[in-house]
Amino acid sequence: MIADRDVTAQLHARGDVAVVVPAAGAGVRLGPGGPKALRLLEGEPLLVHAVRRLAAAPSVRLIVVAAPPADVDAVHALLAPVAPVTVVAGGAERQESVAAALAAVPEEVAIVLVHDAARCLTPPSVIERVAAAVREGADAVIPVLPVVDTIKEVDGDDIVLGTVDRSALRAVQTPQGFRATMLRAAHAAAADSHTDDAGAVEKLGIPVRCVPGSDLALKITRPIDLALATHLLALPDPDPDAASA
Ligand code: C5P
C-alpha cells in the first residue's frame, strides 16, 4: 500500500486549494461491474473525468484520491498521465475515505474541497466558485440547485403527511469547500455517519454558505445517470458558466 506516495505532487503552484476525492465506493446501485469510480464513461473511468476537470481549475494545488484499498497502485497508474495526484486507501464508509485523504493534505494548505468522484462532469467553473467563496471568508461552502419536483412528506405506509415548501429547499452537490481547520475539526467531532461533509460542519453550529451548482455536477448513481452523462459529454459547450469562470 502506498499511503503517502507523491504527497508533494503539485498542480498549479499558485493554487491555494487541496481537493480530497473519495472514490472508494462500491457503486452497488449502478449494478454489477466493480468500484463506481472506475466504471467507464465513453471509454474512460469516471475518476479520470473527475480529476481532469479538477486539474483544469487554476486554484487547485493538489489532489488526494481515496481509492478502493485493493486498487491504490492501479488508480495511481491510471491518473499519473492525467495529473499529479496522491492516492491513499479509502475506508468502508465515505466518511472514512474522506478522513484518510484529508490526513494526507499538508497542514499549510488553508482551503480544502471534498469532491465525489461520482460527480465526474463537474466543470472547473463550479470548483472555482466554491474555492472563491471560502477564500472570501466563508468557513464552509456548498454548491446547490433549486429543487424542481414537488416534495411530499409521507408516513411509514406511504400516506402523504404534507407538502413541503420547495422554495426553501436545495439539492446539494460537490465539491464542498472548507477552511481546512474547520473540516478537520468537524471530522474529529463527527460521531454519527454523515453523507456530506457540510453536514458534519453544521453540527458544530458553523454557518454553511450556498453558491450556485451546475446540472453538469450530477452524481452518477443509477444506470440512467451514465446514459445522461454520455449525452452531456457529447454537447459542444456544456458549461454555460465557462465564460464567466
Ligand atoms: O455511494 P455514493 O454515491 O453516495 O458515494 C459518493 C462518493 O463517495 C463516491 O465518489 C464514492 O466512490 C465515495 N465513497 C468512498 N468510500 C466509501 C463509499 C463511497 O470513497 N466507502
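Reachable aspartates and glutamates from Lys36, Cα under 16 Å, same-chain residues fewer than 8 places away excluded? Those aspartates and glutamates meeting the cut-off are Glu44, Asp71, Glu93, Asp116, Asp225. Distances between placed amide hydrogens fall under 5 Å for Leu204 paired with no residue 5 or more residues away or on another chain. Dipole magnitude for segment 22-86: about 220 debye, using +1 per Lys or Arg Cβ and -1 per Asp or Glu Cβ, origin at the Cα centre. Radius of gyration (Cα atoms) of segment 20-136, expressed as a multiple of 2.2 N^0.38 Å: 1.00. Hey, got the dipole for segment 61-149? About the Cα centre, +1 on K and R Cβ, -1 on D and E Cβ, debye to the nearest 20? Charge dipole, segment 61-149, about its Cα centre: 220 debye, nearest 20. Label positions at Glu202 and Glu93, each projected 7 Å from the Cα along the C-beta direction, are separated by 1.7 nm. With all pairs of different C-alpha atoms in the average, the Kirkwood value for the hydrodynamic radius of the chain is 18.4 Å. What the Cβ-Cβ distance of Val172 and Val28 gives, at R0 = 22 Å and to the nearest 0.05, is a FRET efficiency of 0.55.
Farthest towards the positive end of the charge dipole of segment 67-194, among the residues Val126, Gly156, Ala190, is the Cα of Val126, using unit charges on the Cβ of Lys, Arg, Asp and Glu. Computed about its Cα centre, the charge dipole of segment 1-120 is approximately 380 debye, with only Lys, Arg, Asp and Glu carrying charge at their Cβ.
Each label point was placed 7 Å from the Cα along the Cα-to-Cβ direction; for Ile224 and Arg14 their separation is 4.4 nm. Mean-square fluctuations from a GNM of the chain, with a 10 angstrom spring cutoff on Cα atoms, peak among Ala118, Ala103, Ala23 at Ala103.
Rounded if a/c is under 1.5, else prolate if a/b beats b/c, else oblate: with a ≥ b ≥ c from the C-alpha gyration tensor eigenvalues square-rooted, which is segment 116-245? The shape class here is oblate.
Since every read-out is calculated from the coordinates, none of them should be taken as a lab result. Model, not experiment: these values are computed from the prediction. No Cβ is skipped: glycine too gets one built from the backbone with ideal geometry, and neighbour counts run over all protein chains shown.
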